[in-house]
Amino acid sequence: MKKDLISIKNLSKQEIYKIFNLAAQLKKEQRQGKRHNHLLAGKTIAMLFEKPSLRTRMTFEVGMYQLGGHAVYERLIGEKIGDRESVQDVARNLERWVDGIVVRTFSHQNVTDLAKVANIPVINALTDMLHPCQILTDMFTILEKKGRLEGIKVAYIGDGNNICNSWICGAEKTGIILKIACPEGYEPFKDMTITHSLEEAVKDSDIIYTDAWASMGQESEKEMRNKVFQAFQINKKLLSNANPDVLVMHCLPAHRGEEITDEVIDSSNAIVFDEAENRLHVQKAILSLLLRNEL
Ligand code: CP
Ligand code: NVA
(Lines give C-alpha, C1' and ligand atoms only; values in the text may rest on other atoms or scores of the structure.)
(Ligands and ions follow the chains in the order given, each with its own letter.)
Protein backbone atom coordinates (compact mmCIF):
# COMPACT_ATOMS: atom_id res chain seq x y z
CA MET A 1 0.00 0.00 0.00
CA LYS A 2 1.25 3.50 -0.77
CA LYS A 3 2.32 5.69 2.13
CA ASP A 4 2.16 9.49 2.38
CA LEU A 5 4.10 12.00 4.44
CA ILE A 6 1.49 14.43 5.70
CA SER A 7 2.55 14.74 9.34
CA ILE A 8 5.32 13.38 11.57
CA LYS A 9 2.42 12.14 13.70
CA ASN A 10 1.81 9.39 11.10
CA LEU A 11 5.39 8.06 11.30
CA SER A 12 6.63 5.59 13.88
CA LYS A 13 9.90 6.22 15.70
CA GLN A 14 11.38 3.33 13.74
CA GLU A 15 10.31 4.89 10.42
CA ILE A 16 11.80 8.24 11.47
CA TYR A 17 15.16 6.59 12.14
CA LYS A 18 14.92 4.66 8.87
CA ILE A 19 14.68 8.05 7.10
CA PHE A 20 17.62 9.41 9.15
CA ASN A 21 19.83 6.38 8.45
CA LEU A 22 19.24 6.55 4.71
CA ALA A 23 19.73 10.34 4.73
CA ALA A 24 23.11 9.90 6.45
CA GLN A 25 24.13 7.28 3.89
CA LEU A 26 23.02 9.39 0.91
CA LYS A 27 24.77 12.45 2.34
CA LYS A 28 28.01 10.50 2.72
CA GLU A 29 27.76 9.03 -0.77
CA GLN A 30 27.01 12.43 -2.30
CA ARG A 31 30.03 13.95 -0.56
CA GLN A 32 32.24 11.09 -1.81
CA GLY A 33 31.00 11.70 -5.34
CA LYS A 34 29.27 8.30 -5.42
CA ARG A 35 26.18 8.38 -7.55
CA HIS A 36 22.95 6.80 -6.41
CA ASN A 37 20.90 7.60 -9.49
CA HIS A 38 19.64 4.03 -9.77
CA LEU A 39 17.31 4.53 -6.79
CA LEU A 40 14.58 6.47 -8.61
CA ALA A 41 15.67 5.97 -12.24
CA GLY A 42 12.78 6.68 -14.57
CA LYS A 43 10.50 8.01 -11.78
CA THR A 44 8.81 11.40 -11.83
CA ILE A 45 7.18 13.63 -9.24
CA ALA A 46 4.78 16.54 -9.63
CA MET A 47 5.44 19.56 -7.41
CA LEU A 48 2.44 21.84 -6.91
CA PHE A 49 3.23 25.00 -4.94
CA GLU A 50 0.69 27.64 -3.92
CA LYS A 51 3.35 29.59 -1.99
CA PRO A 52 6.91 30.70 -2.77
CA SER A 53 9.92 28.56 -1.89
CA LEU A 54 13.68 28.52 -2.20
CA ARG A 55 14.86 25.58 -0.08
CA THR A 56 11.95 23.16 -0.51
CA ARG A 57 11.67 23.54 -4.24
CA MET A 58 15.42 23.41 -4.90
CA THR A 59 16.08 20.43 -2.65
CA PHE A 60 13.21 18.31 -3.97
CA GLU A 61 14.13 19.06 -7.59
CA VAL A 62 17.87 18.56 -7.12
CA GLY A 63 17.17 15.51 -4.97
CA MET A 64 15.01 13.86 -7.64
CA TYR A 65 17.73 14.49 -10.22
CA GLN A 66 20.45 13.00 -8.00
CA LEU A 67 18.28 9.91 -7.44
CA GLY A 68 17.92 9.43 -11.19
CA GLY A 69 14.38 10.77 -11.50
CA HIS A 70 12.74 13.98 -12.61
CA ALA A 71 10.54 16.64 -10.97
CA VAL A 72 7.92 18.77 -12.74
CA TYR A 73 7.32 22.02 -10.85
CA GLU A 74 4.13 24.05 -11.09
CA ARG A 75 3.80 27.31 -9.19
CA LEU A 76 0.19 28.32 -8.73
CA ILE A 77 0.10 32.09 -8.48
CA GLY A 78 -3.16 33.61 -7.25
CA GLU A 79 -4.73 30.19 -7.70
CA LYS A 80 -5.30 27.35 -5.26
CA ILE A 81 -5.37 23.62 -5.94
CA GLY A 82 -9.04 22.85 -6.36
CA ASP A 83 -9.95 26.18 -8.03
CA ARG A 84 -9.82 24.95 -11.65
CA GLU A 85 -11.08 21.46 -10.95
CA SER A 86 -11.69 19.53 -7.77
CA VAL A 87 -8.73 18.45 -5.65
CA GLN A 88 -9.91 14.87 -6.18
CA ASP A 89 -9.76 15.25 -9.98
CA VAL A 90 -6.26 16.74 -9.73
CA ALA A 91 -5.26 13.58 -7.85
CA ARG A 92 -6.96 11.29 -10.40
CA ASN A 93 -5.03 12.99 -13.23
CA LEU A 94 -1.63 13.10 -11.58
CA GLU A 95 -1.65 9.45 -10.49
CA ARG A 96 -1.86 8.46 -14.18
CA TRP A 97 1.38 10.29 -15.05
CA VAL A 98 3.74 10.55 -12.10
CA ASP A 99 5.01 8.45 -9.19
CA GLY A 100 4.56 10.97 -6.38
CA ILE A 101 3.18 14.40 -5.48
CA VAL A 102 4.99 17.08 -3.46
CA VAL A 103 2.57 19.80 -2.48
CA ARG A 104 2.73 23.19 -0.69
CA THR A 105 -0.66 24.70 0.11
CA PHE A 106 -2.43 27.16 2.34
CA SER A 107 -5.18 24.73 3.34
CA HIS A 108 -3.98 21.59 5.10
CA GLN A 109 -7.24 19.89 4.08
CA ASN A 110 -6.21 20.07 0.41
CA VAL A 111 -3.18 17.92 1.12
CA THR A 112 -5.13 15.33 3.08
CA ASP A 113 -7.81 15.28 0.34
CA LEU A 114 -5.17 14.74 -2.37
CA ALA A 115 -3.59 11.93 -0.35
CA LYS A 116 -6.95 10.25 0.25
CA VAL A 117 -7.70 9.95 -3.47
CA ALA A 118 -4.28 9.60 -5.14
CA ASN A 119 -2.88 6.07 -5.28
CA ILE A 120 0.66 7.49 -5.26
CA PRO A 121 2.59 8.97 -2.29
CA VAL A 122 1.76 12.57 -1.35
CA ILE A 123 4.41 14.59 0.50
CA ASN A 124 3.48 17.68 2.48
CA ALA A 125 5.93 20.44 1.52
CA LEU A 126 4.30 22.91 3.99
CA THR A 127 0.74 23.90 4.77
CA ASP A 128 -0.62 26.56 7.09
CA MET A 129 -0.75 23.80 9.71
CA LEU A 130 2.44 21.71 9.34
CA HIS A 131 5.91 21.48 7.77
CA PRO A 132 7.03 17.89 8.44
CA CYS A 133 9.99 17.75 6.01
CA GLN A 134 11.53 20.75 7.76
CA ILE A 135 11.28 19.34 11.27
CA LEU A 136 12.47 15.87 10.19
CA THR A 137 15.51 17.66 8.75
CA ASP A 138 15.98 19.70 11.91
CA MET A 139 15.91 16.58 14.07
CA PHE A 140 18.38 14.86 11.72
CA THR A 141 20.66 17.92 12.04
CA ILE A 142 20.44 17.79 15.84
CA LEU A 143 21.25 14.08 15.75
CA GLU A 144 24.36 14.83 13.67
CA LYS A 145 25.50 17.55 16.07
CA LYS A 146 24.58 15.98 19.40
CA GLY A 147 24.62 12.25 18.67
CA ARG A 148 21.14 11.71 20.15
CA LEU A 149 17.64 13.17 20.30
CA GLU A 150 16.29 11.64 23.51
CA GLY A 151 16.51 14.23 26.29
CA ILE A 152 17.77 17.06 24.06
CA LYS A 153 16.15 20.33 25.15
CA VAL A 154 14.77 22.50 22.36
CA ALA A 155 13.41 25.97 23.14
CA TYR A 156 11.04 27.13 20.39
CA ILE A 157 10.62 30.91 20.61
CA GLY A 158 8.04 32.76 18.54
CA ASP A 159 4.84 32.09 16.68
CA GLY A 160 2.81 28.93 17.35
CA ASN A 161 2.74 28.26 13.60
CA ASN A 162 3.26 25.33 11.19
CA ILE A 163 6.89 24.95 12.29
CA CYS A 164 5.96 24.96 15.96
CA ASN A 165 3.13 22.45 15.35
CA SER A 166 5.47 20.07 13.56
CA TRP A 167 8.00 20.46 16.37
CA ILE A 168 5.36 19.24 18.81
CA CYS A 169 4.81 16.13 16.64
CA GLY A 170 8.55 15.55 16.23
CA ALA A 171 9.36 15.91 19.92
CA GLU A 172 6.58 13.50 20.90
CA LYS A 173 8.05 10.80 18.65
CA THR A 174 11.71 11.17 19.55
CA GLY A 175 11.92 12.09 23.23
CA ILE A 176 13.11 15.63 22.56
CA ILE A 177 12.13 17.92 25.44
CA LEU A 178 10.37 20.86 23.81
CA LYS A 179 9.72 24.17 25.55
CA ILE A 180 7.64 26.75 23.72
CA ALA A 181 7.65 30.48 24.42
CA CYS A 182 5.14 32.53 22.46
CA PRO A 183 2.99 35.62 23.01
CA GLU A 184 -0.53 35.14 24.35
CA GLY A 185 -2.95 34.47 21.51
CA TYR A 186 -0.26 32.94 19.25
CA GLU A 187 -0.11 29.45 20.75
CA PRO A 188 0.25 26.27 18.66
CA PHE A 189 -2.60 23.90 17.71
CA LYS A 190 -2.23 21.53 20.61
CA ASP A 191 -2.75 22.08 24.29
CA MET A 192 0.76 22.29 25.70
CA THR A 193 2.41 24.03 28.55
CA ILE A 194 3.49 27.31 27.02
CA THR A 195 5.67 29.82 28.75
CA HIS A 196 5.54 33.51 28.01
CA SER A 197 8.99 33.95 29.54
CA LEU A 198 11.90 33.64 27.13
CA GLU A 199 14.44 33.40 29.92
CA GLU A 200 12.65 30.38 31.32
CA ALA A 201 12.49 28.74 27.89
CA VAL A 202 16.15 29.19 26.99
CA LYS A 203 17.56 28.29 30.43
CA ASP A 204 19.48 24.97 30.14
CA SER A 205 18.36 24.45 26.53
CA ASP A 206 20.61 22.72 23.99
CA ILE A 207 18.87 24.32 21.02
CA ILE A 208 17.12 27.66 20.50
CA TYR A 209 14.81 27.64 17.48
CA THR A 210 12.85 30.46 15.90
CA ASP A 211 10.85 31.25 12.76
CA ALA A 212 9.17 34.19 11.03
CA TRP A 213 6.71 36.23 13.06
CA ALA A 214 4.44 36.54 10.02
CA SER A 215 4.25 33.40 7.88
CA MET A 216 3.46 33.25 4.17
CA GLY A 217 -0.12 34.43 3.76
CA GLN A 218 0.02 36.67 6.86
CA GLU A 219 1.77 39.59 5.14
CA SER A 220 -1.08 42.00 5.98
CA GLU A 221 -0.54 41.30 9.72
CA LYS A 222 3.20 41.93 9.56
CA GLU A 223 3.23 45.39 11.11
CA MET A 224 0.97 44.37 13.97
CA ARG A 225 2.87 41.11 14.56
CA ASN A 226 6.23 42.91 14.61
CA LYS A 227 4.96 44.84 17.63
CA VAL A 228 3.44 41.83 19.43
CA PHE A 229 6.54 39.68 18.95
CA GLN A 230 9.19 42.34 19.65
CA ALA A 231 10.12 40.86 23.03
CA PHE A 232 10.58 37.42 21.43
CA GLN A 233 13.61 38.34 19.35
CA ILE A 234 16.65 36.03 19.43
CA ASN A 235 19.47 38.45 20.14
CA LYS A 236 22.81 38.58 21.93
CA LYS A 237 21.19 39.53 25.24
CA LEU A 238 18.94 36.48 25.16
CA LEU A 239 21.88 34.25 24.25
CA SER A 240 23.78 35.52 27.30
CA ASN A 241 21.16 33.68 29.43
CA ALA A 242 21.72 30.41 27.57
CA ASN A 243 24.45 27.74 27.62
CA PRO A 244 27.50 29.17 25.83
CA ASP A 245 27.45 26.23 23.40
CA VAL A 246 23.71 26.46 22.67
CA LEU A 247 22.90 25.84 18.99
CA VAL A 248 20.63 28.32 17.21
CA MET A 249 18.34 27.04 14.48
CA HIS A 250 15.93 28.67 12.03
CA CYS A 251 14.08 27.00 9.17
CA LEU A 252 14.72 30.07 6.97
CA PRO A 253 13.93 32.43 5.33
CA ALA A 254 15.18 34.61 8.20
CA HIS A 255 13.93 38.14 8.68
CA ARG A 256 17.11 39.62 10.04
CA GLY A 257 16.49 42.31 12.64
CA GLU A 258 13.04 40.88 13.38
CA GLU A 259 12.90 37.38 14.92
CA ILE A 260 16.71 37.07 14.88
CA THR A 261 19.57 39.55 14.80
CA ASP A 262 22.58 39.47 12.45
CA GLU A 263 24.98 38.95 15.33
CA VAL A 264 23.17 35.75 16.35
CA ILE A 265 22.45 34.23 12.95
CA ASP A 266 26.02 34.97 11.82
CA SER A 267 27.56 33.66 15.06
CA SER A 268 29.26 30.31 15.57
CA ASN A 269 26.23 29.16 17.60
CA ALA A 270 24.02 29.23 14.49
CA ILE A 271 23.70 26.10 12.35
CA VAL A 272 21.02 27.38 9.99
CA PHE A 273 22.86 26.55 6.75
CA ASP A 274 23.63 23.02 7.95
CA GLU A 275 19.87 22.66 8.39
CA ALA A 276 19.27 24.05 4.92
CA GLU A 277 21.82 21.65 3.39
CA ASN A 278 20.25 18.71 5.14
CA ARG A 279 16.87 19.40 3.53
CA LEU A 280 18.42 17.83 0.43
CA HIS A 281 19.67 14.66 2.09
CA VAL A 282 16.60 14.04 4.27
CA GLN A 283 14.13 14.63 1.43
CA LYS A 284 16.13 12.34 -0.85
CA ALA A 285 15.69 9.65 1.79
CA ILE A 286 11.96 10.38 2.04
CA LEU A 287 11.55 10.28 -1.75
CA SER A 288 13.51 7.10 -2.11
CA LEU A 289 11.66 5.27 0.68
CA LEU A 290 8.17 6.40 -0.33
CA LEU A 291 8.51 6.00 -4.10
CA ARG A 292 10.15 2.58 -3.72
CA ASN A 293 7.50 1.50 -1.20
CA GLU A 294 10.09 0.84 1.47
CA LEU A 295 8.66 2.78 4.43
N1 CP B 1 12.40 26.38 5.10
C2 CP B 1 11.72 26.36 3.95
O3 CP B 1 10.82 25.54 3.76
O4 CP B 1 12.12 27.27 3.04
P5 CP B 1 11.37 27.64 1.68
O6 CP B 1 10.09 28.31 2.07
O7 CP B 1 12.31 28.55 0.96
O8 CP B 1 11.11 26.38 0.92
N1 NVA C 1 6.24 29.60 9.11
C2 NVA C 1 6.86 29.89 7.86
C3 NVA C 1 7.80 28.79 7.46
C4 NVA C 1 8.57 29.04 6.19
C5 NVA C 1 9.44 27.89 5.80
C6 NVA C 1 5.81 30.10 6.80
O7 NVA C 1 4.84 29.33 6.76
O8 NVA C 1 5.91 31.04 6.02
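Suppose we filter LEU54, LEU48 for residues that are over 23 Å from ALA118 (Cα atoms) and of a type in the set (A, V, I, L, M, F, W, C); which single one remains? Steps first, answer last, please.
Working: LEU48 fails: over 23 Å from ALA118 (Cα atoms).
It is LEU54.
Going through region 242-253 one residue at a time, which ones are in a loop (DSSP other than H, G, I, E, B), within 12 Å of ligand 2 (Cβ to nearest atom) and either in contact with a Cys (Cβ under 8 Å, 6 or more places away or on another chain) or closer than 24 Å to LYS203 by Cβ (or both)? Correct list: CYS251 only. Among the residues making up region 46-70, those that are under 21 Å from GLU277 (Cα atoms), away from ligand 2 (no atom under 15 Å from the Cβ), under 21 Å from the mean Cα position of the chain (by Cα) and touching a residue at least 40 places away in the same chain (Cβ under 8 Å) are MET47, VAL62, GLY63, MET64, GLN66, LEU67.
Regarding region 71-94, can at least one residue be identified that is within 12 Å of ligand 2 (Cβ to nearest atom) and closer than 25 Å to LEU22 by Cβ? Scanning region 71-94 turns up no residue that is within 12 Å of ligand 2 (Cβ to nearest atom) and closer than 25 Å to LEU22 by Cβ. Screening the candidates ILE168, ILE135, ILE163, ILE208 for the property of being hydrophobic (A, V, I, L, M, F, W, C), at pLDDT 95 or above and outside any helix (DSSP H, G or I) yields one hit, ILE208. If we scan region 250-259, do we find a residue that is closer than 23 Å to GLU184 by Cβ, in contact with a Ser or Thr (Cβ under 6 Å, 6 or more places away or on another chain) and of a type in the set (Asp, Glu)? Yes; the residues of region 250-259 include at least one that is closer than 23 Å to GLU184 by Cβ, in contact with a Ser or Thr (Cβ under 6 Å, 6 or more places away or on another chain) and of a type in the set (Asp, Glu).
For LEU287, the criteria (1) away from ligand 2 (no atom under 16 Å from the Cβ); (2) touching a Phe, Trp or Tyr at 6+ places or on another chain (Cβ under 6 Å) hold in every case but one, which is (2). How about region 142-159: which of its residues are touching a residue at least 12 places away in the same chain (Cβ under 8 Å), surrounded by fewer than 24 Cβ atoms within 10 Å (Cβ to Cβ) and out of contact with any Gly (no Cβ under 9 Å at 6 or more places or on another chain)? Of everything in region 142-159, those that are touching a residue at least 12 places away in the same chain (Cβ under 8 Å), surrounded by fewer than 24 Cβ atoms within 10 Å (Cβ to Cβ) and out of contact with any Gly (no Cβ under 9 Å at 6 or more places or on another chain) turn out to be LEU143, GLU144, LYS145, LYS146, LYS153. Residue count for region 42-101 satisfying the condition of being among the polar types (S, T, N, Q) and within 16 Å of ligand 1 (Cβ to nearest atom): 3.
The values are calculated or read from the model by the stated rules, or taken from the named source; none is laboratory data. Just so it is clear, the structure is predicted and the values come from calculations on it, not from any experiment. Positions of Cβ are backbone-derived with ideal geometry, glycine not excepted, and every protein chain shown enters the neighbour counts.
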